[in-house]
Structure formats: structure tokens, C-alpha cells
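A.B. asks: Take this structure, written in C-alpha cells, and hold onto it; I'll ask about it next.
The values are calculated or read from the model by the stated rules, or taken from the named source; none is laboratory data. From a predicted model like this one, the values you see are computed outputs, not experimental measurements. Virtual Cβ from ideal backbone geometry, glycine too; neighbours counted across all protein chains shown.
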């Protein structure tokens with residue numbers, strides 16, 4: 001078990017009708033920016049409920065944060081925040097809106113720094129405006145962590161950055177906010193959460209039995225509730241379990257004392273930046289490909305996962321690991337998630353070469369053993385065809 | 001899944017040598033009270049390591065907090081804190097020292113309120129001095145929660161109180177601090193953590209699959225590491241897993257959306273207040289007795305626990321539940337924990353009557369269905385003989 005630090009001060013308010021608690025967590029003396037996305041919150045009850053809760057507060061609205069939120073749009077909002085002397089940012093949306101709000105909050109507090117230098121970690125920054133969250137899509141875990149992932153349209157780049165200043169002050173999680181979501185967004189959320197767990201779990205054993213089991217708890221729960229959560233919006237309990245899984249998958253607990261991978265995310269971010277695929281759509285084929293490519297290195301954890309999550313029995317280690325990967329791929333496919341890049345309209349060979357080129361230029365290697373070289377990243381992309 | 005709020009801002013610094021990080025978390029401008037217990041920290045490396053880390057800080061020491069920390073001793077320390085204008089309390093010890101530090105921190109910040117009125121919740125209080133923790137015994141979870149349990153010697157009473165002002169600012173957890181502990185204290189810690197999970201889990205199902213599995217993760221890990229943690233201090237990984245289990249057992253996560261019991265703790269606190277038994281020594285016989293007494297009400301969760309934690313198969317629900325309780329009792333006994341009150345030098349009938357009398361006077365009922373009446377509490381005590 002490795003040494004670690006854990007810190008997460010985000011307050012979670014979870015359940016039916018939770019949005020009505022919003023006023024108690026907002027500063028009355030500040031102008032609040034209400035930040036949201038493409039307007040889906042106006043098609044369900046969320047916009048109305050948030051507006052009702054904001055009655056009596058000074059509020060400026062900005063809608064139009066897209067999925068894979070971009071530096072260019074954030075820059076506009078940063079100007080707005082400075083102009084309007086915003087003191088609090090309320091993100092109403094999923095991971096994209098929350099990630100954007102974190103960059104805006106940091107950049108507005110540090111106007112001497114260019115926002116892209118914050119994203120690329122070229123410039124240090126000091127503090128951030130406070131952010132609160134009304135979550136409408138369970139997937140990224142951004143509502144309860146200090147991470148933000150931002151794209152730059154002009155250069156087709158996508159990077160993650162983090163800071164303790166970025167933890168939301170609160171996150172309101174009402175599973176009913178997901179009732180009107182299209183099925184593919186729920187599917188993406190389920191897979192995103194599953195692979196967030198996978199990146200922190202599927203490495204090599206390091207005597208960390210509680211955190212292993214906490215990870216398996218999320219795997220098992222996601223598998224258990226996936227069908228109901230996907231197909232029956234009215235199944236509150238399934239949606240609630242899925243939402244809490246997604247938050248718990250990336251709020252820092254599974255990192256405690258653990259060996260982590262994250263190569264799949266690094267490669268996936270490039271595929272999104274290059275071709276606009278949804279985050280989870282990149283993760284599923286790459287993770288399955290990577291698990292096969294690195295099966296020997298990950299053998300013991302794959303076997304443990306196969307036995308405890310998929311109830312596999314008998315067979316030798318090799319067979320168990322292969323079956324565990326096959327079960328995972330089948331699970332993704334059953335909930336409608338492709339696991340081959342050929343299912344998308346992209347040139348896989350071109351993608352592999354460009355990713356190898358980028359990682360070589362940046363002189364980066366990935367994975368829990370730091371042995372996923374640019375060449376191997378490209379191989380993993382090719383194998384995901 | 002019930003609505004809930006979750007908040008826990010305590011920063012955890014976990015691992016070998018973690019005490020050396022202490023200076024980075026202490027305020028240089030304040031006088032620090034170093035609070036500890038009976039002096040066991042002077043028999044191992046902890047006192048020396050903390051003293052080295054405190055070099056350069058203004059420090060006042062108070063040793064002598066006993067197990068089941070009492071209002072009387074805390075009152076002396078509160079006077080000391082006010083006299084010395086202490087600005088930060090560093091608790092170096094287990095749950096007793098931490099619980100005492102929380103009461104001292106709250107009372108010193110609210111000198112107009114009597115400390116016992118804080119414990120009994122008769123008087124509101126506003127804020128508390130900041131508390132930091134160097135943990136030396138994994139058991140109560142107090143290092144990462146907002147709860148304190150305090151006894152009053154003069155009246156033989158023991159009560160819990162809580163407030164968000166009481167979360168430690170940080171908790172330093174080095175499993176090696178437990179190397180020199182006597183076996184019975186490790187045994188108590190294992191059982192304490194196990195039953196903390198049990199009180200939040202063994203009720204009735206309410207569609208909370210992730211939190212159920214997170215609870216089972218701790219049960220399973222405690223069972224897996226108990227023997228090694230108990231008997232082999234040099235087994236760092238077992239001690240580390242046990243320590244992290246104890247913290248995670250009562251840091252608020254298992255309450256999320258869950259139905260809770262806590263009757264065993266209410267009864268157990270009385271037995272400690274009356275007879276001085278260690279906390280875990282009261283919990284083990286009372287919990288086993290309560291599980292048998294309430295088996296029908298807890299049947300579904302007992303069966304799930306039996307299947308997932310003890311790998312029980314076959315049999316009807318009744319048999320599975322009985323076996324699950326028997327397995328639990330055997331586990332406690334195997335690690336040296338008695339499960340019958342007759343093993344202690346107390347008059348069980350007298351205890352049952354006194355507890356019935358006290359709960360009747362206080363007009364309290366306990367349990368997840370609020371049906372553990374004073375009379376039934378007495379029955380549970382009698383059956384624990």
C-alpha cells in the first residue's frame with residue numbers, strides 16, 4: 001500500500017428535490033454566474049427549478065458550453081466574469097459545464113495568466129472563484145473532484161489540469177435531472193465511470209485490499225444497475241445508484257494508496273481532440289485494446305477482477321484474464337457501446353500515427369510502469385480498430 | 001436510496017513516515033496544545049517524532065487523557081487552553097484523545113457554555129478551535145469525522161455529540177504507530193470498526209447497492225487482514241489496510257442514503273459508563289445478541305451479508321441468517337474478543353435493569369425502526385449474558 005494524501009471538501013446534497021436546497025449554499029452578497037450547456041436544461045425541469053431557487057440573487061446567465069468544453073468559449077466567459085464582477089459560478093450541467101466553470105473560476109481569479117497556460121500547466125495560478133454544481137449528467141465525477149479537462153479547438157488539443165482550489169464548494173445531485181437524457185448519454189456515463197475505476201484498479205497488486213474492494217464495489221454496482229438505469233428513466237433507484245457510482249469513481253478514494261494507469265485517458269483525449277468522439281466512445285475501444293495489449297503486466301489484477309466482478313471460476317490465470325476482458329467488452333456492447341474504432345468514421349492508421357507523433361513531440365510515456373511509449377500507444381490504437 | 005448530504009473536509013496524510021509532514025499543516029503563529037494519553041507514545045517512536053516535527057513551534061503539552069475520556073479531565077484542559085491562549089490542538093493518540101480534543105476545542109471557543117451542555121446538546125455552540133490529529137490506534141474513526149463521545153465520571157454517563165466544526169483539519173495516519181500496541185487494543189479496534197460498519201449496514205434493504213457493497217468491502221477486508229494485523233506488527237500492509245478500514249468505517253460514506261441502526265452503540269455506551277468496559281468489549285456481545293433478537297427484521301440484510309461476506313450458500317433465509325450471525329461471533333472469538341457479558345465481572349441482570357431505567361427516564365427508543373424500547377434494550381442485554 002503506497003503512501004497517499006486524501007482531501008475532498010466538496011459538500012454533496014443528494015436526492016429527489018435536492019435543487020430546492022440551493023439557496024442555502026449560495027452567497028447573497030455576490031453576483032452569481034449561472035453557466036450551462038446547449039439548453040437541454042430548458043427542456044426538462046432543471047432550468048425552472050434552478051431559476052426558482054435563484055430568486056432574489058443577482059444572477060448573470062451564460063448558456064452555450066459545448067461537450068468537450070473549449071478554451072475559446074471559456075475565454076469569452078472569463079471576460080464576462082471580469083466585466084460583471086462575478087463572485088460565484090454555478091455550473092448547471094454535466095462534466096463539460098463543470099470543467100469549463102473550473103477553468104473560468106481559476107482564470108478569472110488570476111487575470112494576469114492566460115487561461116491556456118493554466119490548462120497546460122505552463123503558468124502557476126493562485127486560487128479560483130468559488131464554484132457550485134447542479135449536476136445533470138452522471139459521468140465524469142467532476143462535480144466532486146479538483147480536475148478539469150479542456151480542449152483547444154484551434155490546435156485540436158485536449159488536456160487535464162487540477163488544483164485543490166477547483167473542488168466545487170457543493171454539488172447538488174438529483175437523479176431525476178437525468179430522466180430526460182438520451183440513452184447514449186447514459187451509456188456514455190456508465191462506461192466513463194466504469195473506466196475511471198478501471199484506470200485506478202487494473203494495474204498490478206500492491207497490497208491495498210480495501211481500495212481494491214471499493215473499486216470492485218463500483219464495478220459490480222454499475223453492472224447490476226446498468227440495464228435499468230439505461231432503459232427505465234423512471235427507475236429512480238437505478239439512476240441514483242449509477243449517479244453515486246459515477247461520483248465515487250473519481251472523487252479521490254480509489255487513488256488512495258493505489259497504483260494507477262490512465263494511459264487509456266491520455267490516448268482517448270487525443271482521439272476526442274482529433275475527431276470529436278465523445279469521451280466514453282474513445283475510452284471503450286482503447287481500454288479493451290490496452291487490456292489485451294498489456295494482459296501479462298496486468299494479469300493478477302485481471303484475474304482478481306474476473307473472479308470478484310464476473311464470478312469467473314476455474315481455468316488458468318491466462319484464461320481467466322482473457323475471459324475477464326471478453327466479459328467487459330460484452331458488457332459494453334450490451335449497453336450499446338461500440339468497442340472498435342472502425343465503428344466511427346475515422347482513419348485509424350492516421351490516428352495512430354498522429355498520436356505517436358504527438359506523444360513523441362511531447363516526450364511522454366504512460367501507464368503504471370511508464371512503459372507505454374508513443375510507439376506502443378500507436379499500437380494500442382491500431383489494435384482497437 | 002434515501003436523500004442525504006455528505007461533507008468531510010479532513011485532509012488525510014497516510015503512510016510510513018507521515019509524521020514528518022506535520023510542520024506543513026500547523027499554524028506557525030499560534031500556540032499549539034499537544035494533547036495525548038497515558039504516555040504510551042513515549043514508549044515508541046511517536047512522541048520523539050512529533051516533538052521533532054514541532055521544533056520551532058510554540059507548544060504546550062498535556063498528557064493524561066484516559067480511555068473513555070471524561071468531562072472532568074477535559075474541563076481542566078479547557079482552563080489550560082484559555083489560560084495559555086492556545087490556537088490549535090494537536091491530538092496525538094487514538095479515539096479517546098481525539099474525542100477529548102474535539103470537546104476541548106468546542107468548549108474553549110465557546111467559554112460561555114458549560115462543556116457538559118455541549119456533550120448533552122443542551123446548549124448550542126458556535127465553532128471550535130482547529131484540531132489536527134496524529135493517529136496511534138485505528139478504531140473509532142474519530143480522526144476523520146465530526147463526532148466525539150465523552151463520559152462523565154460523577155454521573156456514570158456517556159454521550160456522543162457532533163458538529164461540522166469538529167472535523168479535524170488533518171489526520172496523519174502512519175500504520176507503524178500501532179506496532180507497539182498490545183494485542184487486545186488491536187482486537188478492540190478491529191471489532192469496533194467492524195461493528196461501525198454493521199450499525200450502518202445491518203438494517204433493511206433500501207435500494208442502495210453501492211453503499212451496501214462499500215460496507216461489504218470493509219467487512220471483507222477486516223476479515224481478510226485481521227489475523228495478520230493482530231499478530232504480526234511487522235506486517236505493515238495488514239496494519240495499513242486495517243487502519244484505513246477503521247477510518248473509512250465511520251467517515252460518513254456508509255451513511256450515504258442508508259438506513260442506520262446504532263442501538264448497539266447506545267446500549268454499549270451505558271455498559272462502559274457503568275462498568276468501565278472498553279467500547280468494543282461492550283459492542284461485541286450486544287451486537288451479536290441484538291442480531292439474534294432482531295433477526296426477522298434484519299433478515300434480508302443478514303442473508304445478503306452471509307452470502308457476500310461469509311460466502312454462505314444454499315439453505316433457506318432463516319438458516320443463512322443464523323449462520324451469518326454464527327460466523328460473525330466465531331470471527332470475533334477467534335481474534336480473542338468475548339461475545340458474552342458473563343466473561344466480564346458484571347451483574348448482567350443489574351445492568352439490564354439500570355439500562356432499562358435510564359432509557360425510560362430519558363424517554364428514548366433506538367434502532368432503524370425505532371422499536372428498540374427500553375424494555376427490549378434490557379432484553380438484549382440479558383440475552384448477551
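A.B. asks: Of the numbered conditions (1) surrounded by fewer than 24 Cβ atoms within 10 Å (Cβ to Cβ); (2) touching a helix residue (DSSP H, G or I) at 6+ places or on another chain (Cβ under 6 Å), residue B:112 satisfies every one except a single condition; which is it?
C.D. replies: Only one criterion in (1) surrounded by fewer than 24 Cβ atoms within 10 Å (Cβ to Cβ); (2) touching a helix residue (DSSP H, G or I) at 6+ places or on another chain (Cβ under 6 Å) is unmet by residue B:112, namely (2).
A.B. asks: Give me the strands (runs of 3 or more DSSP E) completely within segment B:139-218, filtered to those with at least 2 residues that are under 23 Å from residue B:367 (Cα atoms), ordered by residue number. I'd like the intermediate steps shown before the answer.
C.D. replies: Values: elements: B:147-152, B:157-162, B:170-173.
So the answer is B:147-152, B:157-162.
A.B. asks: Scanning for something closer than 30 Å to residue B:226 by Cβ, under 18 Å from the mean Cα position of the chain (by Cα) and at pLDDT 95 or above, does segment A:170-177 turn up at least one residue?
C.D. replies: No, segment A:170-177 contains no residue that is closer than 30 Å to residue B:226 by Cβ, under 18 Å from the mean Cα position of the chain (by Cα) and at pLDDT 95 or above.
A.B. asks: Specify which of the listed residues (A:290, A:312) is outside any helix (DSSP H, G or I) and either on the phi < 0 side of the Ramachandran plot or in the same structural domain as residue A:373 (by TED's automatic domain parsing) (or both).
C.D. replies: Exactly one of A:290, A:312 is outside any helix (DSSP H, G or I) and either on the phi < 0 side of the Ramachandran plot or in the same structural domain as residue A:373 (by TED's automatic domain parsing) (or both), namely A:312.
A.B. asks: Working only within segment B:237-246, note down all residues that are more than 7 Å from chain A (Cβ to nearest Cβ) and either touching a strand residue (DSSP E or B) at 6+ places or on another chain (Cβ under 8 Å) or free of Cβ contacts under 8 Å to residues at least 12 places away in the same chain (or both).
C.D. replies: Once the filter is applied, which keeps residues that are more than 7 Å from chain A (Cβ to nearest Cβ) and either touching a strand residue (DSSP E or B) at 6+ places or on another chain (Cβ under 8 Å) or free of Cβ contacts under 8 Å to residues at least 12 places away in the same chain (or both), segment B:237-246 yields only B:243.
A.B. asks: Is there a residue in segment A:255-272 that is more than 30 Å from residue A:350 (Cβ to Cβ), part of a helix (DSSP H, G or I) and over 14 Å from the mean Cα position of the chain (by Cα)?
C.D. replies: Checked segment A:255-272: at least one residue is more than 30 Å from residue A:350 (Cβ to Cβ), part of a helix (DSSP H, G or I) and over 14 Å from the mean Cα position of the chain (by Cα).
A.B. asks: Would you check if residue B:154 is crowded, with 17+ Cβ neighbours inside 10 Å and not assigned by TED's automatic domain parsing to the domain that holds residue B:240?
C.D. replies: Working: crowded, with 17+ Cβ neighbours inside 10 Å: no; not assigned by TED's automatic domain parsing to the domain that holds residue B:240: yes.
Taking the combined requirement at face value, the residue does not satisfy it.
A.B. asks: Now a separate question. Kindly provide the set of residues from segment B:46-59 that are at negative phi and surrounded by fewer than 17 Cβ atoms within 10 Å (Cβ to Cβ), ordered by number.
C.D. replies: Hits for segment B:46-59 are B:48, B:51, B:52, B:55, B:58.
A.B. asks: Checking the structure you have, find out if any residue of segment A:97-105 is buried (at least 24 other Cβ atoms within 10 Å of the Cβ), more than 14 Å from every other protein chain (Cβ to nearest Cβ), at pLDDT 95 or above and in a strand (DSSP E or B).
C.D. replies: no
A.B. asks: With the checklist (1) over 16 Å from residue A:175 (Cα atoms); (2) in a helix (DSSP H, G or I); (3) at the interface with chain B (Cβ under 10 Å from one of its Cβ atoms) in hand, flag the one item residue A:225 doesn't pass.
C.D. replies: For residue A:225, the failing item is (1).
A.B. asks: Which residues, counting only those in segment A:323-342, are closer than 18 Å to residue A:276 by Cα and either without any contact (Cβ under 8 Å) to a residue 12 or more places away in the chain or crowded, with 18+ Cβ neighbours inside 10 Å (or both)?
C.D. replies: A:337, A:339, A:341
A.B. asks: While we're here: Considering only residues that are in contact with a helix residue (DSSP H, G or I) (Cβ under 6 Å, 6 or more places away or on another chain) and within 14 Å of chain A (Cβ to nearest Cβ), look in segment B:17-51 and name the one that is nearest to residue B:236 (Cα to Cα).
C.D. replies: For segment B:17-51, the residue satisfying everything is B:19.
A.B. asks: Filter segment A:347-368 down to the residues that are loosely packed, with under 15 Cβ neighbours inside 10 Å, part of a loop (DSSP other than H, G, I, E, B) and either more than 23 Å from the chain's Cα centre (by Cα) or free of Cβ contacts under 8 Å to residues at least 60 places away in the same chain (or both) and list them by number.
C.D. replies: Within segment A:347-368, the subset loosely packed, with under 15 Cβ neighbours inside 10 Å is A:347, A:349-350, A:353, A:357, A:360-364.
After this cut, where a residue has to be part of a loop (DSSP other than H, G, I, E, B) as well, the list is A:347, A:363-364.
Of everything in segment A:347-368, those that are loosely packed, with under 15 Cβ neighbours inside 10 Å, part of a loop (DSSP other than H, G, I, E, B) and either more than 23 Å from the chain's Cα centre (by Cα) or free of Cβ contacts under 8 Å to residues at least 60 places away in the same chain (or both) turn out to be A:347, A:363.
A.B. asks: Kindly list the number of the only condition in (1) within 14 Å of chain A (Cβ to nearest Cβ); (2) surrounded by 22 or more Cβ atoms within 10 Å (Cβ to Cβ) that fails for residue B:268.
C.D. replies: (1)
A.B. asks: Would it be correct to say that residue A:249 is buried (at least 24 other Cβ atoms within 10 Å of the Cβ), away from every other protein chain (no Cβ under 14 Å) and at pLDDT 95 or above?
C.D. replies: Numbers: buried (at least 24 other Cβ atoms within 10 Å of the Cβ): yes; away from every other protein chain (no Cβ under 14 Å): no; at pLDDT 95 or above: yes.
Spelling it out, it is not the case that residue A:249 is buried (at least 24 other Cβ atoms within 10 Å of the Cβ), away from every other protein chain (no Cβ under 14 Å) and at pLDDT 95 or above.
A.B. asks: Can I ask one more? For residue B:239, indicate whether it is part of a helix (DSSP H, G or I), modelled with pLDDT of 95 or more and crowded, with 24+ Cβ neighbours inside 10 Å. Even if it seems obvious, please write down each step before you answer.
C.D. replies: Details: part of a helix (DSSP H, G or I): yes; modelled with pLDDT of 95 or more: yes; crowded, with 24+ Cβ neighbours inside 10 Å: yes.
Spelling it out, residue B:239 is indeed part of a helix (DSSP H, G or I), modelled with pLDDT of 95 or more and crowded, with 24+ Cβ neighbours inside 10 Å.
A.B. asks: Within segment B:196-219, which residues are within 9 Å of another protein chain (Cβ to nearest Cβ) and over 19 Å from the mean Cα position of the chain (by Cα)?
C.D. replies: Listed by number, the residues that qualify are B:206, B:207, B:208, B:209, B:210, B:211, B:212, B:213.
A.B. asks: Could you check segment A:1-45 for strands (runs of 3 or more DSSP E) lying wholly inside it with 2 or more residues that are surrounded by fewer than 20 Cβ atoms within 10 Å (Cβ to Cβ) and on the phi < 0 side of the Ramachandran plot?
C.D. replies: Because the criterion is at least 2 residues that are surrounded by fewer than 20 Cβ atoms within 10 Å (Cβ to Cβ) and on the phi < 0 side of the Ramachandran plot, the strands (runs of 3 or more DSSP E) in segment A:1-45 that meet it are A:4-6.
A.B. asks: Determine whether residue A:263 is crowded, with 21+ Cβ neighbours inside 10 Å, within 10 Å of another protein chain (Cβ to nearest Cβ) and at pLDDT 95 or above.
C.D. replies: no
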